[in-house]
Amino acid sequence: MTETNPEKIEGYIDHIVYRNEDNGYTVFSLIMDEEELTVVGSFQYINEGETVVLTGTYTSHPMYGRQFKAEAMEVKIPEDAEAIERYLGSGAVKGIGKILAARIVKAFGNDTLYIIKEEPERLVEINGISERRAREIAGRVAEQEDMRSAMIYLQRYGLSVNLSIRIYKTYGQKLYSVLKENPYQLASDVDGVGFRTADEIARQIGIRHDSEYRVQAGVMYVMSQAAAEGHVYLPEDRLKMLSCDVLGVENEAVEKALSELNISHKIVLREMDEQRLVYTTYYYYLEMKCARRLLDLSQTLNSDDQSIEEEMAFLKKTRQLELDEEQLKAVSYAARYGLVIVTGGPGTGKTTAINEMLRYFEHAKMSFLLAAPTGRAARRMTEATGYEASTIHRLLEVGMTGGGDEQGIFGRDASNPLEADVIIVDEMSMVDITLMGALLEAIVPGTRLIMVGDADQLPSVGPGDVMRDMIAADVFPLVRLKHIFRQEEGSDIIVNAHQINDGQQINLDTKSKDFFFLRRSDPDVIINQMVSFIEGKLPAYVGTSKEEIQVLCPMKKGALGVEQLNKLLQERLNPPSPKKKEHHFGERLFRTGDKVMQIKNDYQIE
């Protein structure tokens with residue numbers, strides 16, 4: 001129930017109960033004339049101890065009782081000694097606690113704030129305050145006022161509290177000139193501000209539609225979107241077309257922007273195959289660094305043919321499975337070269353080749369590390385080899401002190417390289433250029449790097465098609481595994497995968513253990529059939545648990561898109577329960593028991 005007549009009340013903030021730093025929604029306890037009242041509302045920037053005048057209405061909450069819903073707030077400068085002491089002692093000003101606040105106010109009374117702002121040197125009259133500390137206190141009080149003014153100023157552009165604070169911390173008092181002259185600078189300087197946000201601010205400020213700042217920022221935005229879609233560069237013609245479409249400007253404006261961005265070293269232009277390619281500077285030099293390090297690793301480390309043949313002959317005596325010619329070649333290359341690429345489709349014996357390599361290195365008393373891009377792939381590698389494998393991130397000690405890249409800080413880098421004679425990375429097709437750069441930085445020449453994967457799989461989610469590009473370069477030792485071993489085990493999914501790669505028609509009428517096709521057209525029928533399979537028939541049919549089943553779909557939107565399927569599968573397979581915790585993140589609801597994966601910094605239930 002709400003009392004509809006707006007009222008104005010005044011008091012001081014005793015303590016903040018809850019605050020959402022994204023939207024500013026706050027619940028705090030207000031003291032007015034010895035009465036304590038709960039206040040709710042959205043406020044850009046408030047501190048405990050401040051005196052405020054609120055405009056709003058009283059409401060009655062079914063659980064929390066009488067509250068005041070504030071629609072507007074005005075912060076009053078503390079006028080008397082009691083209010084000043086309460087404000088300074090609340091912790092709003094870093095470095096001043098209740099005891100020091102009481103001593104300062106006792107010395108200067110109602111003039112305390114004036115003294116701090118205008119004559120801070122007089123604070124040294126207080127026992128325990130040095131000249132340096134006096135300057136710090138004055139600076140912090142001024143910063144509080146400056147930040148509040150900035151919050152009020154930025155609020156008009158609809159920015160969140162968190163984002164406003166980041167902008168203020170980036171620019172300080174310069175933020176007003178930055179927003180007036182070139183708000184697009186925010187997109188490159190402040191984490192969390194993208195081109196769209198900066199463009200909306202610029203529109204409200206009145207920046208011209210064809211401003212050179214806007215066009216340059218728009219081009220960089222298109223490049224960042226391309227990177228999010230997996231591209232390290234864009235052909236110039238395509239970049240121009242996309243930029244004109246996004247910005248609504250003529251081609252000449254984009255050409256001028258490209259020239260300026262090139263001069264300022266924000267992009268790199270390169271001629272290739274009779275067309276001009278556009279890179280952001282970061283990805284261009286990252287690609288160059290990766291190429292250089294790959295060449296440094298690609299050297300012959302063992303040219304003794306006789307010792308390699310003797311070692312291979314010894315391994316053959318104790319081998320449980322016969323290897324085909326290409327698998328033996330893979331082991332021989334691993335023994336000889338510092339860098340080897342092994343590629344092959346599903347069922348072609350990549351794991352068997354890895355196991356034989358490990359037998360070789362173990363017998364040669366060489367240390368090795370195993371890694372894969374994802375936790376799932378690392379677990380499979382561990383199960384298949386019997387040796388501990390880790391994710392590449394964990395191998396590089398992500399989150400520890402050391403060098404870094406865009407994905408995080410790594411404890412392993414050029415100054416603290418990986419300590420092993422051999423590093424074997426499986427599922428290489430999933431590795432993007434950024435992760436590849438971090439991995440190569442942590443490997444010294446003389447260490448063997450063996451990369452195994454299926455070049456025909458989908459490329460990495462992140463920028464770059466590293467494995468395919470290395471193969472296409474045709475400069476590194478390469479082994480292609482072609483014989484399908486699992487074809488003999490009756491694996492139709494393996495056979496069909498190779499037939500698709502070869503451009504052949506696959507058989508959809510088969511009902512094998514690992515491949516069958518059901519034709520359905522109604523979305524409701526498809527969903528019900530899917531849930532029925534997951535909950536009932538499929539786990540027993542394939543010999544696994546329903547938790548191990550993953551649903552893939554080709555679309556994000558629509559009745560059978562990722563977003564809708566996630567909600568429906570969650571409702572059916574992991575319904576709400578008093579025993580399950582829930583957490584809202586944007587429009588998504590996460591519940592204990594949900595199976596999640598991360599794609600492009602966007603969590604989705606598998």
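The values are calculated or read from the model by the stated rules, or taken from the named source; none is laboratory data. Computed from a predicted model, the values in this text were never measured in an experiment. Note that we place each Cβ from the backbone using ideal geometry, even for glycine, and neighbour counts take in every protein chain shown.
Please work out which residue is nearest to Cys553 (Cα to Cα), limiting yourself to the stretch 568-606 and to residues that are modelled with pLDDT of 70 or more and hydroxyl-bearing (Ser, Thr, Tyr).
Thr592
Given (1) without any contact (Cβ under 8 Å) to a residue 40 or more places away in the chain; (2) surrounded by fewer than 18 Cβ atoms within 10 Å (Cβ to Cβ); (3) in contact with a helix residue (DSSP H, G or I) (Cβ under 8 Å, 6 or more places away or on another chain), identify the lone condition not met by Ala473.
With (1) without any contact (Cβ under 8 Å) to a residue 40 or more places away in the chain; (2) surrounded by fewer than 18 Cβ atoms within 10 Å (Cβ to Cβ); (3) in contact with a helix residue (DSSP H, G or I) (Cβ under 8 Å, 6 or more places away or on another chain) applied to Ala473, the lone miss is (3).
Here are Val479, Val444: which of them is assigned by TED's automatic domain parsing to the domain that holds Ala330, more than 29 Å from Met223 (Cα to Cα) and assigned to a strand (DSSP E or B)?
The match here is Val479.
Out of all the residues in the stretch 248-263, is one or more loosely packed, with under 13 Cβ neighbours inside 10 Å, assigned by TED's automatic domain parsing to the domain that holds Pro183 and within 23 Å of Pro463 (Cα to Cα)?
no
Pull up the stretch 514-545, narrow it to residues that are basic (Lys, Arg) and out of contact with any helix residue (DSSP H, G or I) (no Cβ under 7 Å at 6 or more places or on another chain), then point me to the one that is surrounded by the most Cβ atoms within 10 Å (Cβ to Cβ).
Going through the qualifying residues, I end up with Lys537.
What single numbered condition from (1) modelled with pLDDT of 85 or more; (2) closer than 24 Å to Leu88 by Cα fails to hold for Asn47?
(1)
Checking Ile527 against (1) outside any helix (DSSP H, G or I); (2) more than 26 Å from Gly375 (Cβ to Cβ), which test does it fail?
Only one criterion is unmet by Ile527, namely (1).
What residue, among those in the stretch 428-440 that are surrounded by 21 or more Cβ atoms within 10 Å (Cβ to Cβ) and either of a type in the set (Phe, Trp, Tyr) or under 19 Å from Gly338 (Cα atoms) (or both), is farthest from the chain's Cα centre (by Cα)?
In this case the residue turns out to be Met428.
From Arg376, Arg380, grab the single residue that is over 20 Å from the mean Cα position of the chain (by Cα), modelled with pLDDT under 95 and either within 22 Å of Ser332 (Cβ to Cβ) or assigned by TED's automatic domain parsing to the domain that holds Gly464 (or both).
Just one listed residue meets the conditions, Arg380.
Could you check the stretch 85-102 and list, in sequence order, the residues that are within 15 Å of Glu143 (Cβ to Cβ) and surrounded by 18 or more Cβ atoms within 10 Å (Cβ to Cβ)?
Of everything in the stretch 85-102, those that are within 15 Å of Glu143 (Cβ to Cβ) and surrounded by 18 or more Cβ atoms within 10 Å (Cβ to Cβ) turn out to be Tyr87, Leu88, Ala92, Val93, Ile96.
Are there any pairs with C-beta distances below 6 angstrom linking a residue in the stretch 520-546 that is on the phi > 0 side of the Ramachandran plot to a residue that is modelled with pLDDT under 85, with the two at least 6 apart or on different chains, and if so which?
Partner pairs satisfying both residue conditions: none exist.
Would you check if Glu571 is assigned to a helix (DSSP H, G or I), among the acidic types (Asp, Glu), within 30 Å of Pro346 (Cα to Cα) and not assigned by TED's automatic domain parsing to the domain that holds Pro346?
no
Condition (residue is within 25 Å of Lys350 (Cβ to Cβ), part of a helix (DSSP H, G or I), touching a Lys or Arg at 6+ places or on another chain (Cβ under 7 Å) and in contact (Cβ under 8 Å) with a residue 12 or more places away in the chain) applied to the stretch 494-506: is it met by at least one residue?
yes
Here are the criteria: (1) surrounded by 21 or more Cβ atoms within 10 Å (Cβ to Cβ); (2) modelled with pLDDT under 95; (3) over 22 Å from the mean Cα position of the chain (by Cα). Tell me which single one Arg486 does not satisfy.
(1)
Having 1 or more residues that are buried (at least 21 other Cβ atoms within 10 Å of the Cβ) and hydroxyl-bearing (Ser, Thr, Tyr) is the bar; report the helices (runs of 4 or more DSSP H) wholly within the stretch 139-246 that clear it.
The helices (runs of 4 or more DSSP H) meeting that bar are 161-171, 212-228.
Every residue, every condition in (1) without any contact (Cβ under 8 Å) to a residue 24 or more places away in the chain; (2) in a helix (DSSP H, G or I); (3) of a type in the set (Phe, Trp, Tyr); (4) closer than 22 Å to Ile450 by Cα, yes or no:
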{"site": "Ala257", "(1), (2), (3), (4)": "no, yes, no, no"}
{"site": "Cys290", "(1), (2), (3), (4)": "no, yes, no, yes"}
{"site": "Leu294", "(1), (2), (3), (4)": "no, yes, no, yes"}
{"site": "Met312", "(1), (2), (3), (4)": "no, yes, no, yes"}
{"site": "Arg319", "(1), (2), (3), (4)": "no, no, no, yes"}
{"site": "Ala334", "(1), (2), (3), (4)": "no, yes, no, yes"}
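Suppose we filter Gly56, Gly11, Gly89, Gly95 for residues that are within 30 Å of Ala134 (Cα to Cα), at pLDDT 85 or above, assigned by TED's automatic domain parsing to the domain that holds Gly109 and among the small types (Gly, Ala, Ser); which single one remains?
Among Gly56, Gly11, Gly89, Gly95, only Gly11 is within 30 Å of Ala134 (Cα to Cα), at pLDDT 85 or above, assigned by TED's automatic domain parsing to the domain that holds Gly109 and among the small types (Gly, Ala, Ser).
Within the stretch 442-470, which residues are more than 25 Å from Ile494 (Cβ to Cβ) and either acidic (Asp, Glu) or crowded, with 17+ Cβ neighbours inside 10 Å (or both)?
Ala442, Ile443, Thr447, Arg448, Leu449, Gly462, Pro463, Gly464, Asp469
Residues that are of a type in the set (Asp, Glu) and under 25 Å from Phe476 (Cα atoms): does the stretch 389-400 have at least one? Can you show your working first?
Of all residues in the stretch 389-400, those of a type in the set (Asp, Glu) come to 397.
From what is left, the residues that are under 25 Å from Phe476 (Cα atoms) are none.
No, because not a single residue in the stretch 389-400 is of a type in the set (Asp, Glu) and under 25 Å from Phe476 (Cα atoms).
Please work out which residue is modelled with the highest pLDDT, limiting yourself to the stretch 140-198 and to residues that are under 29 Å from the mean Cα position of the chain (by Cα), closer than 26 Å to Tyr87 by Cβ and of a type in the set (S, T, N, Q).
Ser164
Sort out which residues of the stretch 63-79 are of a type outside the set (A, V, I, L, M) and more than 40 Å from the chain's Cα centre (by Cα), and write them in order of number. Walk me through how you get there before you give the answer.
Kept after step one, since they are of a type outside the set (A, V, I, L, M), are these residues of the stretch 63-79: 64-69, 71, 74, 76, 78-79.
Listed by number, the residues that qualify are Gly65, Arg66, Lys76, Pro78, Glu79.
Select, from Ile308, Ile267, the only residue that is surrounded by 16 or more Cβ atoms within 10 Å (Cβ to Cβ), at pLDDT 90 or above and under 18 Å from Tyr337 (Cα atoms).
Ile308
Would you say Asp514 is closer than 23 Å to Ala384 by Cα, among the acidic types (Asp, Glu), assigned by TED's automatic domain parsing to the domain that holds Ile341 and assigned to a loop (DSSP other than H, G, I, E, B)?
no
For a quick check of your reading of the model, give me the residue pairs whose first member lies in the stretch 344-363 and is closer than 18 Å to Val495 by Cβ, whose second is aromatic (Phe, Trp, Tyr) and at pLDDT 90 or above, with beta-carbon atoms closer than 9 Å and at least 6 apart or on different chains.
Pairs that qualify, where the first residue is closer than 18 Å to Val495 by Cβ and the partner is aromatic (Phe, Trp, Tyr) and at pLDDT 90 or above: there are none.
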